[in-house]
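Scroll down for the structure; my scribbles are underneath it.
The values are calculated or read from the model by the stated rules, or taken from the named source; none is laboratory data. Just so it is clear, the model here is predicted, and its values are computed rather than measured. Quick reminder, even Gly has a Cβ in these numbers, built from the backbone with ideal geometry, and neighbours come from all protein chains shown.
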Amino acid sequence: MNPITVIRERIAKFGLDGVLFNTSEVTRSFNLRYISGFSGSDATILITMSELRLFTDGRYKLQSKEECKDFQVHVTRDKIRSISNLLLRKNIKRLGLEGNRISFNLVSALQRSCRDIELVSFDRRNLDSLRIRKDRSEIEKIVCAANIASSACSDLLETSLSGFTEIEIAGRLEFLFKKRGASGESFETIVASGSRSALPHGMPTEKRVQLGELLIVDFGCMFSNYCSDETVTLVVGAPSSQQKKIHQVVYDAHQRALDCLEAGIRCCDVDAVARKTIAEAGYGQYFLHSLGHGVGLEVHEAPYLSPRSKTILEEGMVFTIEPGIYVEGFGGVRLESLVHLTASGPEILSKVSKGLISVD
């Protein structure tokens, strides 16, 4: 469904006069971009039942008119004043806000300028449906991002990694993204080796990778503003029996979760399949996060494959499957694939093998 139609349904449902989305240098609204097409760093959109308006500054005068053809564009040096004047002129009394993207300063400024206005926060649940299913164009962009990232990682794995710092390895991978046409990384590349691989989000450091260590590489790039996300766990040199054992448990959990994917299954039930596999192997306490998350304009968005999520998976959703085991003092294993759910089942977009990979 058209996102503006969805927003207007929400306006009617909650008895609002309009809804406001804001993006800034500090807090970016991906919903604003999705709804309006605006790709700049500072703008506000106001949606009512009869009007679509966008407020921005002179830097984006030409860009906003090109990207946001359905919106009436206001170019202003004082965005808050322009918005407030319009709210007063249009007699807007009950205004919805994208709660997790609107700053306290913006709320305070609106309340000072429009003393009688009631501001109503839209939480994530009211907006997830906007972007949770991807159309063909979006899928094509995510596929391109995934292909670039997997290809770059495959080339990285053909080189020696022993003796290089985690930061150097991350930099080499990010260079390969750009070389293949990515606009950048979809998140800060995670490279964690040895005992540091037990950190689910271990940022790269000056630590040098040593023979015999586990090495987690969690990576993704952006293509035409859409993200990819993939994780491989490597062994530098010959794997130990314990490393083989933990990797096999995570691999089994990963495969069983993929095998159960179909439209109509609940996210929590997919999570349970992987979690049960890890628990039965005796590592349940070491699976520290949910099984996966949606990927699109953001690298973390709906749907969320967690023990608590009752969301039903549907055709057109794109999400990760990423079980992991993290043992303090020993290391960790995470295997992550990006999945597009189709009418005939899961399409795996990640291309790097999730088998046990040994590198020099």
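Among the residues of region 220-246, those identified as buried (at least 24 other Cβ atoms within 10 Å of the Cβ) and either free of Cβ contacts under 8 Å to residues at least 24 places away in the same chain or in a loop (DSSP other than H, G, I, E, B) (or both) are G220, S228, D229.
Residues are listed down the side, and each one gets a yes or a no for (1) within 19 Å of S358 (Cα to Cα); (2) of a type outside the set (A, V, I, L, M):
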residue: L161; (1), (2): yes, no
residue: R172; (1), (2): yes, yes
residue: F175; (1), (2): no, yes
residue: K179; (1), (2): no, yes
residue: G194; (1), (2): yes, yes
residue: S197; (1), (2): yes, yes
residue: H201; (1), (2): no, yes
residue: T205; (1), (2): no, yes
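Taking the numbered list (1) at pLDDT 95 or above; (2) more than 30 Å from Y286 (Cα to Cα); (3) part of a strand (DSSP E or B); (4) hydrophobic (A, V, I, L, M, F, W, C) in turn, V191 passes all entries but (2). Looking across region 321-346, the residues that are in a strand (DSSP E or B), of a type outside the set (A, V, I, L, M) and surrounded by 19 or more Cβ atoms within 10 Å (Cβ to Cβ) come down to G324, Y326, G331, G332, R334, E336, S337, H340, P346.
Yes or no: F177 in a helix (DSSP H, G or I) and not small (G, A, S)? Yes: the conditions hold for F177. Among strands (runs of 3 or more DSSP E) entirely within region 35-145, having at least 3 residues that are out of contact with any Phe, Trp or Tyr (no Cβ under 9 Å at 6 or more places or on another chain) singles out 118-122.
The single condition from (1) under 19 Å from I11 (Cα atoms); (2) of a type in the set (V, I, T); (3) touching a Lys or Arg at 6+ places or on another chain (Cβ under 8 Å) that I142 fails is (1). Sort through R33, R10, R28 and tell me the only one that's in contact (Cβ under 8 Å) with a residue 24 or more places away in the chain, in contact with a helix residue (DSSP H, G or I) (Cβ under 7 Å, 6 or more places away or on another chain) and either among the charged types (D, E, K, R) or loosely packed, with under 12 Cβ neighbours inside 10 Å (or both). Being in contact (Cβ under 8 Å) with a residue 24 or more places away in the chain, in contact with a helix residue (DSSP H, G or I) (Cβ under 7 Å, 6 or more places away or on another chain) and either among the charged types (D, E, K, R) or loosely packed, with under 12 Cβ neighbours inside 10 Å (or both) holds for just one of R33, R10, R28, which is R10.
Please work out if S197 is modelled with pLDDT under 95 and part of a helix (DSSP H, G or I). No, not satisfied. Checking E262 against (1) over 15 Å from the mean Cα position of the chain (by Cα); (2) among the acidic types (D, E); (3) closer than 26 Å to G202 by Cβ, which test does it fail? Going through the list (1) over 15 Å from the mean Cα position of the chain (by Cα); (2) among the acidic types (D, E); (3) closer than 26 Å to G202 by Cβ, E262 breaks only (3).
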